[in-house]
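Read through the structure below, which is laid out as structure tokens, and then see the notes.
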Amino acid sequence: MSAVENEGAAGRGSARAVAVASFIGRFLVIAITTYLGLLAVTFFIGRVIPIDPVLAVLGDRAPLNVVERTRREMGLDLPLIQQFYLYVKAALNGDFGTSVLTTNPVMTDIRRAFPATIELATLGTLIGSFIGVPLGVLAAVKRGSLIDQIVRIIGLIGYSVPIFWIGLLGLVLFYAKLQWVAFPGRLDIVYEYTFTPITGFYLLDALWQRQWDVFWDAFRHIILPAGLLGYFSLAYISRMTRSFMLNELSQEYIVAARAKGLSETRIIWGHALRNAAVPMVTVIALSYAGLLEGSVLTETVFSWPGIGLYITNSLQNADMNAVLGGTIVIGSVFIGINLLSDLLYKVLDPRTKTG
Amino acid sequence: MTASDVRPLSRRDWLLSDRPASRMQARLGRAYVAWRRFSANRLAFLGLLIIIALLVVAAFADVLAPYSPTIGDLKNARLLAPSAAHWFGTDDLGRDIYSRILFGSRWTLYVVILVAIIAAPIGLLVGTVAGYAGGWTDAILMRITDIFLAFPKLILALAFVAALGPGIENAVLAIAITSWPPYARIARAETMTVRNSDYIKAVQLMGASPFRIVLRHIMPLCISSLIIRVTLDMAGIILTAAGLGFLGLGAQPPLPEWGTMIASGRRFVLDQWWVAGAPGFAILIVSLGFNLLGDGLRDALDPRSGDQ
Amino acid sequence: MSGTLLDVDDLRVTFPTRTGLIQAVRGVTFSLGRERLGIVGESGSGKSQTGRAIMGLTPPQALVSAKKLALDGADLLAMPARQRRALRGKRIAMILQDPKYSLDPVMSIGRQIVETLRTHEKVSKAEARERALAMLEAVQIRDPSRVFDLHPHEVSGGMGQRAMIAMMLIAGPEMMIADEPTSALDVTVQLDVLGILDRLVSERGMGLIFISHDLRLVASFCDRVIVMYAGKVVEQLKASELRDAQHPYTRGLLNCMPRIGYERHPLPVLDRKPEWAA
């Protein structure tokens, strides 16, 4: 920001550089220890808890020579700390071993499933934010009114209802009874063979290729799960927006804005919400991360071929490499979003820029 | 002043007195004020009623349930729709769903209580030790806490159960392992506020060991905020446990655990929706009860957080 | 003093609470011409609520009533909300205590000033910017085009309060309420800010209500002084005659002021008698 650089004096500039450097240093320490922690936990789960990790990976029907070979490949004859070092190195290279179920490298499977999960969670968060933020603002502005009560009830139910259950009921109503939506998966079988995705985000791919029938079909498949995820993110986002807005609306600068003669609309959306937007970014990021995590349940209910479904399918087949690979990938994205939202908070808030 | 000396005090006046004559009176007075604030909150009261109902149902499931939860009538009663004989219908093995839900309340309670008594003490210990010791101990313990806090809980619990093997005990363990960090944070914050207070100094001067100070003088102070937080987390614990049950990792059939019941009802959901519908509704009601109760407790015991 | 700008008769502000009604302002009467009027009182005396009631900025749950509350003859309480809002910033403005809290932290100072102007006048963006820069110069900010782009946290308290004055004066109001405008500032910059306020008010021939707890400041800065206690006006007098104040509460306030060269032991304690509030 040019204004800050204008502030100018050399002493202040170098103090700022030190502050920025120490902030980046702290950020890196947090990021690295958190990722190492994640790997340590999955290592513990995969190598320490099972009595024989080889059998945990291969299942107990594997031929003996394969078991022995795998044992050496996994480096299980080495000391634990060295095993962990090799484990981290492999994970950083994206090598999570081979899936027993699909016989592919786990990373290949995950790469294929990843866009489906991201597309679903992104659409869900978009729905949640575009409805949740205005609802929360209205609830705060008209505190104690009917809309405030409604937002409260939406939030309470969102925090209390099992997502997989409401997903099943949604299928009963919108798929079986009303036949408004399509199920299962991302596309009808007919299109699976005629449509070649580019990015893996089917909605965008269909738009890009102007295949309107495919777009409509993809939309009919995604709208119910995305709408449900949207509801959960809405429940959280609207409740937090309300709370942030109540806080902002009680500040002195709101009184000053009124004293200037601004309209309530301008005060609410132009001043209070702009200030609330800074912490809101964190909330929306957390809600996005939450939807990714919840994908194991939603994707299972809707047979949505993403990482969540991949993990649960692998679980059913005791395919530990695939389960842990999926856990690490979702965990990494989850942690990454957490860290990024912290960073974004610092960048967005002009108050923390000099300091 | 004089008037109130002459007139005999009503019990209410005694409780609300500005000048309690004993510690007992002050304590009771505070509890009374908190109770009045709590019971004025109708939704919180509803939450309390739901939880009491859950306890009663769990205690008297044998008496209340009209049928056996595990043995069904395979010949005559498979997948019956709700009726006067079977309020919530029957499942694919001819078992009465209403009876299974009543018995399922025991498993719900089993899970939340066990998670609470495993996770809360871990958090309490980590938090108070970190907060009281300070320095490197604090830095390291809190880094570990924050690392766990940054993990996706459900996925991690899932991976844990995958390694430990499915079952309700392992599900409880996995949930407990992933849910202690917020308690450590709270306990540490509380510890930091009292650590340098005069009365802790006094106890130190009297030669109490750090162990004793943490155990006897600091931990008790953390309990009330911890209880609020645990109550608020109960719904999340129930939902996670049900989720693990739904994925086949929690309680195993034929246990009448609600999440597992939804999983087994999933196959018929398009035609016999009540098999999966009823247990999910039970989860919704109980989670709602805990959420309402938790909100109410927080508002009653911690007036600062009033509207947030 | 050319005619009355603001007429206040029996102004009352009441807040409903759980334990009953609380009257923050209890029948305040005064009028203001193109002069500087000081309102003094301790915290809780209702002086700030009086200012906010005149602005129409009392919280929605509060009840405001008056036999008369008129700006230049126009009845403020009978006026539709929209019309009253149009007066704020355009004809009556208000300066708040601490620029750290009263300026929007995420909006640049320049945009906040321009916003006031463009709310009340149809001007182009370029012209609004020009006038905002001129206004910043008028409050003696040396490098207006730089400060224009700064955010409130990037300037000192003194400069923030000047920006606040610029923001409130840019649409050319006839009357200004300054609620403790210098209490949050360092002593050294207090006088600068007061000097700027003083000059602008007299240059533009504005009416000023100066709300403060600092009797000496008010006495040196204002033409007339109102002393408030427990929501009521206990004394109204010319600033020059303050030394001859009759009311014991005013005398008490005067006695509490430290003077150079006098031993002050024991420190005087302010007398508060319930009958003054009656």
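The values are calculated or read from the model by the stated rules, or taken from the named source; none is laboratory data. Given the structure is predicted, the values throughout are model-derived calculations rather than measurements. Note that each Cβ is placed from the backbone with ideal geometry, even for glycine, and that neighbours are counted across all protein chains shown. Just so you know, the surface numbers come from the protein's heavy atoms only, side chains and all, with ligands and any DNA or RNA stripped out. Shrake-Rupley method; radii C 1.70, N 1.55, O 1.52, S 1.80 Å.
Some values worked out for this structure:
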quantity: For A:Leu76, distant residues with modelled amide H under 5 Å away; calculated: none
quantity: Length-normalised contact order for chain B - Cα pairs under 8 Å, 6+ apart - percent; calculated: 23
quantity: Of C:Lys47/C:Lys90; A:Lys142/C:Lys100; C:Lys100/C:Lys238; A:Lys142/C:Lys232; C:Lys47/C:Lys273, those spanning more than 29 Å from alpha-carbon to alpha-carbon; calculated: C:Lys100/C:Lys238; A:Lys142/C:Lys232
quantity: Mean residue ellipticity (222 nm) of chain B, computed from DSSP H runs ≥ 4 via -39,500 (n - 2.57), nearest 500; calculated: -23000 deg cm²/dmol
quantity: P(r) of chain A over all Cα-Cα pairs, binned every 10 Å from zero, in whole percent; calculated: 5, 19, 24, 24, 18, 8, 2, 0, 0
quantity: Relative contact order (percent, whole number), chain C, Cα cutoff 8 Å, 6+ residue spacing; calculated: 24
quantity: Alpha carbon convex hull of the range B:41-301, projected area averaged over orientations, nm²; calculated: 16.4
quantity: Quotient of C-alpha Rg and 2.2 N^0.38 Å, computed over the range A:1-155; calculated: 1.71
quantity: Accessible-area order (highest first, 1.4 angstrom probe) of the listed residues C:Ser124, A:Ser233; calculated: C:Ser124, A:Ser233
quantity: Zero-based 5 Å bins, Cα pair distances in the range A:216-355, whole percents; calculated: 2, 9, 13, 14, 15, 13, 10, 8, 6, 5, 3, 1, 0, 0
quantity: Spatial separation of Cα centroids for the range A:27-46 and the range A:247-273, in angstrom; calculated: 44
quantity: Rounded, prolate or oblate (a/c below 1.5 giving rounded, otherwise prolate when a/b exceeds b/c) for the range B:104-176 by Cα gyration tensor; calculated: oblate
quantity: Computed label-point distance, nm, for sites A:Arg266 and A:Ile150 using a 7 Å Cα→Cβ extension; calculated: 2.9
quantity: Pairs of alpha carbons in the protein assembly as shown whose separation is greater than 58 Å (percent); calculated: 24
quantity: The range A:292-349: mean projected area of Cα convex hull, nm²; calculated: 4.3
quantity: With DNA, RNA and ligands ignored, accessible area of B:Trp274 (1.4 Å probe; Å², nearest 10); calculated: 30
quantity: Spacing of the two label points (7 Å from each Cα toward its C-beta) at C:Thr19 and A:Asp213, in nm; calculated: 7.6
quantity: Contact order normalised by residue count of the range B:1-95, Cα under 8 Å, 6+ apart, percent; calculated: 15
quantity: Accessible-area value, B:Tyr67, 1.4 Å probe, nucleic acids and ligands omitted, Å²; calculated: 90
quantity: Cα convex hull volume per residue for chain C (Å³); calculated: 156
quantity: Between the range A:119-188 and the range B:169-247, the alpha-carbon center distance in angstrom; calculated: 33
quantity: Computed Rg/Rh of the range B:149-297, alpha carbon atoms with Kirkwood Rh; calculated: 1.15
quantity: Helix C:157-169 vs. chain C, principal-axis angle (Cα, 0 to 90°, nearest 10); calculated: 80
quantity: Value at 222 nm in deg cm²/dmol, rounded to 500, when DSSP H runs of n ≥ 4 in chain C each add -39,500 (n - 2.57); calculated: -10500 deg cm²/dmol
quantity: Sequence of B:Trp87, B:Trp180 from largest to smallest accessible area, 1.4 Å probe; calculated: B:Trp87, B:Trp180
quantity: Overall form of the range B:239-292 per C-alpha gyration tensor (a/c, 1.5; a/b vs b/c); calculated: oblate
quantity: Gaussian network model of chain C, springs between alpha carbon atoms under 10 Å - residue of C:Gln161, C:Gln140, C:Gln83 with greatest fluctuation; calculated: C:Gln83
quantity: Mean ellipticity per residue at 222 nm, deg cm²/dmol - from DSSP H runs of n ≥ 4 across chain A, formula -39500 (n - 2.57); calculated: -24000 deg cm²/dmol
quantity: Ellipsoid equivalent to the range C:28-120 - semi-axes via the Cα gyration tensor, in Å; calculated: 24, 18, 14
quantity: Mean Kyte hydropathy of 0.0 or more with a Cα span along the axis of at least 30 Å, helices from DSSP in chain B; calculated: B:97-133, B:219-246, B:273-301
quantity: Rounded accessible area of A:Thr265 (nearest 10 Å², 1.4 Å probe); calculated: 90
quantity: The range C:176-240 - Rg over Rh from alpha carbon coordinates, Kirkwood radius; calculated: 0.97
quantity: Heavy-atom accessible area ranking, 1.4 Å probe, most first, across C:Asp214, A:Asp77; calculated: A:Asp77, C:Asp214
quantity: Top of A:Ile81, A:Ile163, A:Ile118 by mean-square fluctuation, Gaussian network on chain A, Cα under 10 Å; calculated: A:Ile81
